[in-house]
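Quick one: structure below, then a few questions.
The values are calculated or read from the model by the stated rules, or taken from the named source; none is laboratory data. Source: prediction; values computed, not measured. In this analysis, Cβ positions are derived from the backbone assuming ideal geometry, glycine residues included, and neighbour counts consider all displayed protein chains.
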Amino acid sequence: MRLFHGWLSSASRRVRLCLAEKGIDYDSVPVDLAAQEHHSPAFLAMNPNGVVPALVLDDGRFLYESATICEYIDDVLPNPPLRPADPYARATMRNFVRWTDDKLLPNLLILNWSIALQPVASQWSDADLAGKLARIPTPERREAWRRIARKPYSDDEKRAALDALLALIPKMASMLGSGPWLMGAHYSLADIAAMPFVARIAELAPEAMAEARMPAVVDWWQRVQQRPAFAQARIERFDVALRERQATREATEAPAA
Ligand SMILES: N[C@@H](CCC(=O)N[C@@H](CS)C(=O)NCC(=O)O)C(=O)O
């Protein structure tokens with residue numbers, strides 16, 4: 001399989017985690033979001049929504065939507081299982097994953113883009129921006145790029161986005177009442193879906209899950225980081241990874257002396 005993904009993208013991180021849990025070898029194709037590689041015709045043929053990730057199967061067919069990709073992987077490679085066998089528990093898991101998609105990801109993007117993409121996008125000329133916006137297939141993502149290029153999110157908007165993200169922590173605490181993992185005794189796609197968000201919360205607002213307040217979530221976060229898949233999926237600290245990428249970009253762009 002071949003995975004088109006972003007190293008810092010939460011949806012991509014999920015799929016990398018899932019592939020690592022299954023021990024699947026795959027071709028990794030990093031997509032540069034700042035260069036809008038995901039709006040090229042070739043990428044849009046794989047994912048018409050123009051977002052990462054996209055998975056190319058061995059027979060050449062494509063899949064997109066991280067939650068769908070993870071379920072597909074669990075269907076074709078059922079061991080170790082990453083979904084509860086019980087239909088009700090499975091449906092509950094799916095609703096949790098959907099909640100993270102609907103309520104968390106748009107808010108995390110506001111926070112991540114403000115540091116990762118705004119410095120680049122704010123430099124584009126009006127003509128450049130118009131050309132780039134024209135290639136974006138959905139009105140929501142077009143608006144997100146327009147905002148980040150020309151009308152940066154205010155501190156109030158970023159605070160509201162962080163508050164929305166933090167709703168994950170008490171939700172997880174209540175789910176962790178019955179077992180070490182979100183769906184109880186067995187690690188599942190619910191844990192994988194939550195992980196990229198918790199990784200960012202641990203960086204952005206460590207006090208929100210400090211030991212005394214949410215010990216179950218802190219313990220979960222420790223357990224998750226010890227899984228071999230965590231290192232294999234390369235869930236790097238966002239700020240550190242950004243600085244490294246910036247340094248590499250500057251070194252590459254520096255004119256020869
Ligand atoms: N529901 C989608 C969300 C994918 C998504 O929004 N990906 C973000 C990165 S986490 C992206 O590619 N953003 C680029 C853009 O909006 O142009 C999934 O789970 O695959």
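State all residues of region 146-179 that are closer than 24 Å to residue 74 by Cα, surrounded by 15 or more Cβ atoms within 10 Å (Cβ to Cβ) and over 20 Å from the mean Cα position of the chain (by Cα); if no residue qualifies, say none.
The answer is 175, 176.
May I pose another question? Have a look at 183, 195 and point out the one that is away from the ligand (no atom under 16 Å from the Cβ) and crowded, with 20+ Cβ neighbours inside 10 Å. Steps first, answer last, please.
On the way: 195 fails: away from the ligand (no atom under 16 Å from the Cβ).
Among 183, 195, only 183 is away from the ligand (no atom under 16 Å from the Cβ) and crowded, with 20+ Cβ neighbours inside 10 Å.
While we're looking at this one, here's another question. Based on this model, can you work out whether residue 234 counts as touching a residue at least 24 places away in the same chain (Cβ under 8 Å) and buried (at least 20 other Cβ atoms within 10 Å of the Cβ)?
Numbers: touching a residue at least 24 places away in the same chain (Cβ under 8 Å): yes; buried (at least 20 other Cβ atoms within 10 Å of the Cβ): no.
In short, no.
Among the candidates 190, 185, 216, which residue alone is within 19 Å of residue 83 (Cβ to Cβ), touching a helix residue (DSSP H, G or I) at 6+ places or on another chain (Cβ under 7 Å) and among the aliphatic types (A, V, I, L, M)?
Just one listed residue meets the conditions, 190.
Give me the residue from region 146-178 that is free of Cβ contacts under 8 Å to residues at least 60 places away in the same chain, part of a helix (DSSP H, G or I) and within 16 Å of the ligand (Cβ to nearest atom) and, out of that set, farthest from residue 105 (Cα to Cα).
150
If you don't mind, another one. Do we have any residue at all in region 229-238 that's of a type in the set (Val, Ile, Thr), in a loop (DSSP other than H, G, I, E, B) and closer than 24 Å to residue 49 by Cβ?
yes
Can you pull out every residue in region 30-55 that is more than 9 Å from the ligand (Cβ to nearest atom), free of Cβ contacts under 8 Å to residues at least 60 places away in the same chain and not in a loop (DSSP other than H, G, I, E, B)?
If the condition is that a residue be more than 9 Å from the ligand (Cβ to nearest atom), free of Cβ contacts under 8 Å to residues at least 60 places away in the same chain and not in a loop (DSSP other than H, G, I, E, B), then 30, 37, 41, 42, 43, 45, 46, 55 are the ones that fit.
Quick check on this structure: which one of 75, 102, 58 is loosely packed, with under 12 Cβ neighbours inside 10 Å and within 12 Å of the ligand (Cβ to nearest atom)?
Going through 75, 102, 58 in turn, the sole match is 102.
Output yes when any residue across region 21-29 is within 12 Å of the ligand (Cβ to nearest atom), modelled with pLDDT of 95 or more and of a type in the set (Lys, Arg), and no when none is.
No.
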